[in-house]
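The values are calculated or read from the model by the stated rules, or taken from the named source; none is laboratory data. All figures in this text were calculated on a predicted structure; none of them were measured in a lab. Positions of Cβ are backbone-derived with ideal geometry, glycine not excepted, and every protein chain shown enters the neighbour counts. In case anyone asks, the SASA skips ligands and DNA or RNA and just uses the protein heavy atoms, side chains included. Shrake-Rupley method; radii C 1.70, N 1.55, O 1.52, S 1.80 Å.
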Number of protein chains: 2
Amino acid sequence: MTLPPIVQAFVLHFGEMGGRWGVNRTVGQIYALLFLSDRPLNAEEITEALGVSRSNVSMGIKELEAWRLVRKRHLPGDRREYLEAPDDIWQILRTLAEERRKREIDPTLSLLRDILMETPASAEERHAQAKMRQMHDLIELLTGWADDVQRLDNDSLAQLLALGAGVSKLLEVKSKIAVFASGKRRNSTQEDAS
Amino acid sequence: MTLPPIVQAFVLHFGEMGGRWGVNRTVGQIYALLFLSDRPLNAEEITEALGVSRSNVSMGIKELEAWRLVRKRHLPGDRREYLEAPDDIWQILRTLAEERRKREIDPTLSLLRDILMETPASAEERHAQAKMRQMHDLIELLTGWADDVQRLDNDSLAQLLALGAGVSKLLEVKSKIAVFASGKRRNSTQEDAS
DNA sequence: CTGAGATTTCAGCAATGACTGAAATTACAG
DNA sequence: CTGTAATTTCAGTCATTGCTGAAATCTCAG
């Protein structure tokens, strides 16, 4: 692997962290490499840079495509496929959130829905179902929120994040705004979001 | 495993999902069992309910403690340790968020900080470093936001989630509030009066 | 203290997941 | 079409992780 030291450090780190993020080492490394690259790379270049087998790279690419984290491109006059990682980091964030949700949360939500349709046959089952209801409702709240936020444009999202817990303060005065807004006829636009 | 059908279904599901969530099957099952249980269970009961070895349960418990997802309790007149899952689902959410961040994000943030101190030696490295800077800044924004939100009480958090993208609307009127409240600045967010 | 019950540790086996090289398939220039 | 370069698939092997039973350690009643 002949890469600039800082690139190498990053690539190796992503390889190691891959396990915790639900992908294998090679997949992590390929993504790291593409993310840092200033141009699309073909499979052969990736193979060489990482020192793994060509077939392993092929499988890794396939998985990254399933995650929608890389795109295939074609360069004119070159039969090989070139790969690149989208560079809008906000979009990457959205994609990651969507895919992780699809893999890690939706199946559970689905199961919970099914189980909550059943009629409990004992006190024990009634209690278990109540807990599952709690979990179900919380997950729905979270995913609903995520759906909403998912649709915000980059700037709004950045603003929202920068605000942090300031939202809490904003919520506190929300009712007060409502008072003003109802009294005033300022603008007939948004005002109260509830 | 002799458990009520709905409990069994949930436990088995958590076992299967465990892999995607970064824990092994047994750990997922133990947690599911404790989460649904209406009373603390001892290791022997867990062993029996799940049909795995006693030592496996011991290791699983250890891991769940490392995640701070279960507590050990003692019942009077019984030398055995009893385990229970905290039942405030909001607290569970906070714990999960903290632990996953600690395992999945902090190490990367730390590496990025280190690499960003280096001086790039080529155009390629300069580009790579710029990308890492982007990632670093985004992660800091996200974790900073998470820190803030982490401190909200259950009700505020629920309110925030229920609001969803409504926050966006709230942000739009924020500048108007700023006009009213121009006497003092609450926090360091950029007050953009667009 | 002592010893019986309870828990943890750990070496070895089992299961799962990752990686490779070879063969099959696909894509396309001539 | 044909032949060659590029990519994918897959069976076998290697590596990692998970699980077990036995032994070691801990804990506390008597």
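Could you look through the stretch B:106-122, keep only residues that are among the hydroxyl-bearing types (S, T, Y) and outside any helix (DSSP H, G or I), and pick out the one that is least open to solvent (accessible area, probe 1.4 Å)?
Looking only at the stretch B:106-122, we keep the residues that are among the hydroxyl-bearing types (S, T, Y), and these are B:108, B:110, B:119, B:122.
With outside any helix (DSSP H, G or I) added as a condition, the list becomes B:119, B:122.
Values: B:T119: 119, B:S122: 38 Å².
Out of the qualifying residues, it is B:S122.
Kindly indicate whether A:I89 is surrounded by fewer than 20 Cβ atoms within 10 Å (Cβ to Cβ) and of a type in the set (V, I, T). Spelling it out, A:I89 is indeed surrounded by fewer than 20 Cβ atoms within 10 Å (Cβ to Cβ) and of a type in the set (V, I, T). For the stretch A:71-107, filtered to residues that are more than 14 Å from chain B (Cβ to nearest Cβ) and in contact (Cβ under 8 Å) with a residue 40 or more places away in the chain, the residue that is nearest to the chain's Cα centre (by Cα) is A:E98. Within the stretch B:137-157, restricting attention to residues that are facing chain A (nearest Cβ under 7 Å) and surrounded by 15 or more Cβ atoms within 10 Å (Cβ to Cβ), which residue is farthest from B:L111 (Cα to Cα)? Looking at the filtered set, the residue picked out is B:S156. I'm checking my understanding of the structure. Among residues of the stretch B:44-66 that are crowded, with 18+ Cβ neighbours inside 10 Å and either in contact (Cβ under 8 Å) with a residue 40 or more places away in the chain or more than 8 Å from DNA strand D (Cβ to nearest atom) (or both), which one is nearest to B:E99 (Cα to Cα)? Residue satisfying both the conditions and the ranking: B:L64.
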